[in-house]
Amino acid sequence: MSSLLNDTVKAATAAVADNQFTFNSTDYTVFALVLSISAAIGVYFGFFNKGEDTTDEYLMGGKRMKTIPIAISLVASQLSAISIMTIPAEMYSYGINWIFNVICMIVVVPILNYVIIPVFYNNNLTSCYEYLEIRFNKPIRELQTIMFTGTLFFMLPIFIFLPSLAFSQVTGYNVHIINTIVCGICVFYTMVGGIKAVVWTDVVQAGIMVISVVLVGVMGANRVGGLGEVIRIAGQGGRLEVNYNFDATTRSTFWNIFTSATLMWSGYVGLNQSCVQRIVSLPTLGHARRSLVIFGFGFMLIMSFNCFTGIVMFTRYHDCDPLKLGLVSKGDKMVPHFVQDVVGHLRGMPGVFISCVFSAALSTLSASINSLGGVVYFDYIKPHIRHTEHKANVIMKIFVFCCGVYCIFGGMVVEKFGSILQVIYSIGGCSFGSTCATFLLGMLVPRAHGRAVFIAAVSSIICMTAIIGAAWGRNHYAFLPTSIDNCSAFNTTTTTTTTTTTPLPFSFTTINDHLPDEKKAFSILDLSFNWYTSIGFLLTWLIALPLSYTMKPAPDANFDPKLLSPIVQPFINYELTPSEELNELKSPKEIDKQKVNV
């Protein structure tokens, strides 16, 4: 999570600084079609396939959502515009180690299916933060909802402003006009259609992302001579070497990426309200488990292709690095450069790629503001008003609209304060380990109680914030080697945007590249950012566990075994609550069998 958030501001200029594309009528048609389909889905679910006027219908589709669309929606929302731009750049510059963020899903899906999600179904919960109040106390719920809403409020303008900035660069239109139009469409289908519109637009947008990512990766590999050539050149360039170094200051290793990614994805998919809300919208735990398995396969497929694109990029430019040549000023700008190089000759492909970036942004933004509306209403508004279902829906829709307005004006701030936002988001990301640890303490440790966990969570957040603040700007990491030896032949056949060799805009001399240095003593400030989530998680557990056994719990502490994960069933008296599937979702054979038993 931390590495992704640290790359947020990098991506803000990654897609836009170089004029990589030339839009034509076909590109505009493709882009307009994508936005029109999203708006049409909102109209359909808002006016023609309208459900009951209840919060359950608006936020969870009446718990009648389908398995495959939810799985696809989960995949789509994990791919933001930031991911599309920065992951291939990560692979290009630092090699294959990031792939363990993808491989860890083999472990994450069983954790979700058998440790985390059953707790919500067993207790008929629709909000993960409601669980914290029942299991621990209200202060812990308030702490985590503040972290959730605060982080999302900072991130919302970024989600949509990045692709708007990219579109502005390739078309020349004012970025704020584009931001207003696209935000308006996203807010419209989210506000009118609710979770159903969010999920089904995610399905369409996921299809666009898959087509774009796969096409770019496959055509890029074909351009350099096929898969065998990609593997050969990438291997010679050190991009396929897995780093098993135990040095905690090394940027990316198997250990720090796999460990933090397992915690990050377990928490982000299973303990983040924007994802939990969609998972529990399925009628039964069985449906949720099947959906998560499909999600796991889909996530690994599309993210693997995204990583593969980065390796192909290196193969393409290994002997003529656009960074060293000065054609691209930052690594995160490599993806648009590569797309133009590989598929820019195909009419409409620039439109498909920009649509891909926008689809990634829209899927993340719509899911975020829909879940944020539910959290804000139930946690901050409902306790102070006379609740009715109709009033709640109206308030949440107004809140979604306000989020859209905020994103429009927030874009003006993002444009000016990028570096400051990077610091803020990094601090927010470092609280993620504590959040994940808080939930898992409640689910896995029977003796854990509110007082102990609250002290541990706050302590972890403070410690990690202090470390991040003190270390900011201290650590820089060397790129793996590239060359410009073959640029004389390369430039005559590749880029169509420019062929002028310019002086390097910055020095490639790297400070503190974390090569072994016997004279340098270890400092916690030199810790790789890939350890931040794990350290935050570990700190919370190390503080909470002894306090839970030594500190007296509150008189109203809740130790109900039903609030624990099923995997602790062999150790305590634990019974699962049976969940009844809706008749309309059963097969005719199951219904006949039910009638016979009655």
Number of the exception - PRO383 against (1) closer than 18 Å to SER127 by Cβ; (2) in contact with a Phe, Trp or Tyr (Cβ under 9 Å, 6 or more places away or on another chain): (2)
Subset of the stretch 195-206 (residues that are open to solvent by less than 30 Å² (accessible area, probe 1.4 Å) and within 17 Å of SER36 (Cα to Cα)): ALA197, VAL198, VAL199, THR201, ASP202, GLN205, ALA206
Single condition GLY238 does not satisfy, out of (1) in contact with a helix residue (DSSP H, G or I) (Cβ under 9 Å, 6 or more places away or on another chain); (2) touching a residue at least 40 places away in the same chain (Cβ under 8 Å); (3) more than 22 Å from SER77 (Cα to Cα): (1)
Subset of the stretch 128-141 [open to solvent by 20 Å² or more (accessible area, probe 1.4 Å) and within 23 Å of the chain's Cα centre (by Cα)]: GLU130, ARG141
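To keep it simple, each residue is scored yes or no on (1) more than 24 Å from ASP27 (Cα to Cα); (2) at pLDDT below 80.
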position	(1), (2)
ILE140	yes, no
LEU143	yes, no
PHE161	no, yes
SER164	no, yes
THR171	no, yes
ASN174	no, yes
ILE178	no, no
ILE181	no, no
Residue match in the stretch 509-527 (condition: outside any loop (DSSP other than H, G, I, E, B), open to solvent by 40 Å² or more (accessible area, probe 1.4 Å), closer than 24 Å to GLN144 by Cβ and at pLDDT 70 or above): no
The stretch 467-491: number of residues that are of a type outside the set (D, E, K, R) and either over 25 Å from the mean Cα position of the chain (by Cα) or open to solvent by 60 Å² or more (accessible area, probe 1.4 Å) (or both): 16
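May I ask you to verify whether VAL192 is more than 21 Å from the chain's Cα centre (by Cα), modelled with pLDDT under 85 and either open to solvent by 10 Å² or more (accessible area, probe 1.4 Å) or of a type in the set (Lys, Arg) (or both)? Break it down stepwise before answering.
Working: more than 21 Å from the chain's Cα centre (by Cα): yes; modelled with pLDDT under 85: yes; either open to solvent by 10 Å² or more (accessible area, probe 1.4 Å) or of a type in the set (Lys, Arg) (or both): yes.
The answer is yes for VAL192.
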Residue match in the stretch 213-235 (condition: surrounded by fewer than 23 Cβ atoms within 10 Å (Cβ to Cβ), under 28 Å from ILE398 (Cα atoms) and touching a residue at least 60 places away in the same chain (Cβ under 8 Å)): no
Selection count, the stretch 529-572, where residues are assigned to a helix (DSSP H, G or I), open to solvent by 30 Å² or more (accessible area, probe 1.4 Å) and within 15 Å of LEU132 (Cα to Cα): 2
Answer from ARG251, ARG289 - the residue that is open to solvent by 10 Å² or more (accessible area, probe 1.4 Å), modelled with pLDDT under 85 and basic (Lys, Arg): ARG251
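The values are calculated or read from the model by the stated rules, or taken from the named source; none is laboratory data. Predicted, not measured: the structure shown is a model, and the values here were computed from it. Positions of Cβ are generated from backbone atoms using ideal geometry, with glycine treated the same way; all protein chains shown enter the neighbour counts. Keep in mind that these areas ignore ligands, DNA and RNA; they rest on the heavy atoms of the full protein, side chains included. Shrake-Rupley method; radii C 1.70, N 1.55, O 1.52, S 1.80 Å.
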